[in-house]
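Report on the structure given below.
Just so it is clear, none of the values below were taken in a lab; they were calculated from the coordinates. Predicted model, so just to flag it, every value in this text is computed and none were measured. Don't worry about glycine lacking a Cβ; one is built from the backbone with ideal geometry, like all the others, and counts go over all protein chains shown.
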Amino acid sequence: MNPGMDRIVILDFGSQTTHLIGRRIRERGVYAEIVSGTAPVDQWFDGDVRGIILSGSPASVYDSDAPRPDPRVYEQNVPVLGICYGLQVTAHLQGGEISRSESREYGPAPVEAVSNSPLLQGLSSRFVSWMSHGDALKRLPSGAREIAVSGHGVSAVVEIPELSFVGLQFHPEVTHTEQGGLILDNFATGVCSARRQWSVENYLETLQEDILRRVEDRPVLLLISGGVDSSVVAATLLRTLKPEQVHLMYIDTGLMRKNESVEIGAALKRLGARHLYLVDAEERFLTALAGVIDPEEKRHIIGDLFITVQEKEVSRRLTGEYLLAQGTLYTDLIESGHGTGNAAKRIKSHHNVASPLVQAKREAGLVVEPLAALYKDEVRDLGRLLGLPEEIVGRHPFPGPGLGVRILGEVTQERCVILREADALYVQALRDAGLYDEIWQAFAVLLPIRSVGVAGDRRAYGDVIALRAITSRDGMTADVYGFQPEFLRNLAASITNRIPQVGRVVYDCSGKPPATIEWE
Ligand code: XMP
């Protein structure tokens, strides 16, 4: 929370897209916060709240356990916007009639305005919206008026002036709704008169005060993974605390990408890191993985050993009371059911989550999570603001077990080198072609087979590298990236020329589902 800053509160009833509502509003400079849909008003309402949004939900208003907002939501003298279920539950509570439907209307639907509303200011009178609903409004409650209808004859925008309420049957937060961001902006800054006070720059000061209050003069330990989130936490701590207080540990499992350990170490030193522990654990990991080919077994070995190494290395360096910093994001909290009425949709699978060190620190109230109010894009902006290089801030996601799950079959030092080289050539080619930032995740995989080729006049058996490139919003689903054939042809030639062990390069054309992003 940011005292003194205008705020829109989003009540979450479990829709998949609730946190997109928050993102869209914050993108336009207004602070938005998500709370559980059923939370009593006095838990979250104060003088800074300028408007309330009721999210969608997989529930029907007729379900016996349908989530209901606190009735006082409509009595706070601030405008209320209902989206899909948020409209239906309000209409239902006001005596309107909702028709139940077994089938869902899902996909694009044209909408036509039949009356003026500040919510639709700046939009054309017909636009395409994105619908995803089963139930719909059959009879409006008394005092309500229809502002727009969908091509299927469903009430698409409805006002109940007495309650300062306006409801949408469609989802303005998804990019498929034309000008959906403008509708949310009209609500936040037009209907609610919220000021655009939110930016990562403004937030940094509040964040620093918060960290100083929590940490005081005690040391803080942060485990760096090489990814964006932990790097930005490190940069934030280094900017806020005395350099002697910040202890950064990076465990090199030998399963990292090329130059990753060196780059991260150099970037953190440039930001003033004094206590930077680079733990070279390659040998320990490769010894433990020798002869193992089962993917699940590999994951377990890597995860367990990571915890063992972490405990040992930390206890060697830090004693007495210290805090542990974590790179938890706003979406992680939402997804694990903290902020919302929504049960866990996805739990990040990372060794740190299960680590006894993290659990013990959490129980003792000694965990600091500086990014817990931020979305991923905002974390990247904060990283840039704090001076982290673009190669770290814009880096593609990388799985906790690292190359261990991208080397199919046995993980050996030699195979790590082959994959690291192929992956580095791939990433460099993407950067050279200006494609890196268009792609959500791109990486090379070393297959557990050998294939026939010719080397000079002789037949040769070479390794096979598979290339993967996907676009995605959150990693839950993914589309294959469509390269120009020329790009792939040149890249395959460069990989086979520079890495003599590789005889063949293939491109993975599978979407998710049915394939996962990683191969193991
Ligand atoms: P899948 O392969 O499940 O991957 O489609 C979805 C996203 O999660 C990443 N991933 C992991 N991240 N530990 C992690 O921290 C893991 O064990 C792990 N497995 C997959 C993957 O890279 C993709 O971004």
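Remarks
- Sparsely packed loop sites in segment 89-130 (the GluC sites (Glu not before Pro) outside DSSP H, G, I, E and B with at most 14 other Cβ atoms within 10 Å) comprise GLU102.
- Segment 257-323: GluC sites (Glu not before Pro) in DSSP loop, at most 15 other beta carbons within 10 Å: GLU321
- DSSP finds beta bridges in the chain, and of those with both partners inside it, around 50 percent are antiparallel.
- Extension gain from LYS512 to ASP217, taking 0.36 nm per residue of separation minus the Cα-Cα distance: 101.5 nm
- The C-alpha atoms of the chain define a longest principal axis, and helix 228-240 lies at about 80 degrees to it.
- Net lengthening on full extension, ASP437/LYS312 (0.36 nm per residue, minus Cα-Cα): 41.2 nm
- Arranged from fewest to most other beta-carbon atoms within 10 Å of their beta carbon, ASP65, ASP70, ASP432 become ASP65, ASP432, ASP70.
- Folded to 0 to 90 degrees: helix 200-215 orientation relative to the chain principal axis, Cα: 70 degrees
- Relative counts (whole %) of C-alpha pair distances in segment 409-507, using bins that are 5 Å wide: 2, 12, 23, 23, 17, 13, 6, 2, 1, 0
- In degrees, nearest ten, helix 260-270 long axis to first principal axis of the chain (Cα): 70 degrees
- Reduced Cα scattering model of segment 7-191, Debye log10 I(q)/I(0), q = 0.08, 0.13, 0.19 Å⁻¹: -0.21, -0.57, -1.38
- Per-selection Kirkwood Rh - segment 200-393 (Cα, Å, 1 d.p.): 17.5 Å
- Measure of compaction for the chain (Cα Rg per 2.2 N^0.38 Å): 1.10
- Among ARG239, ARG126, the order by Cβ neighbours within 10 angstrom, fewest to most, reads ARG126, ARG239.
- Modelled spin labels at ASN77 and ILE293, positioned 7 Å past Cα toward Cβ, are 7.3 nm from each other.
- Restricting attention to segment 133-263, close to 60% of DSSP beta bridges with both partner residues there are antiparallel.
- Neighbour counts of other Cβ atoms within 10 Å put THR477, THR328, THR319 in the fewest-to-most order THR319, THR477, THR328.
- Checking every one of the trypsin sites (Lys or Arg not before Pro) in segment 176-223 against DSSP loop status and a limit of 14 other Cβ atoms within 10 Å picks out ARG195, ARG196.
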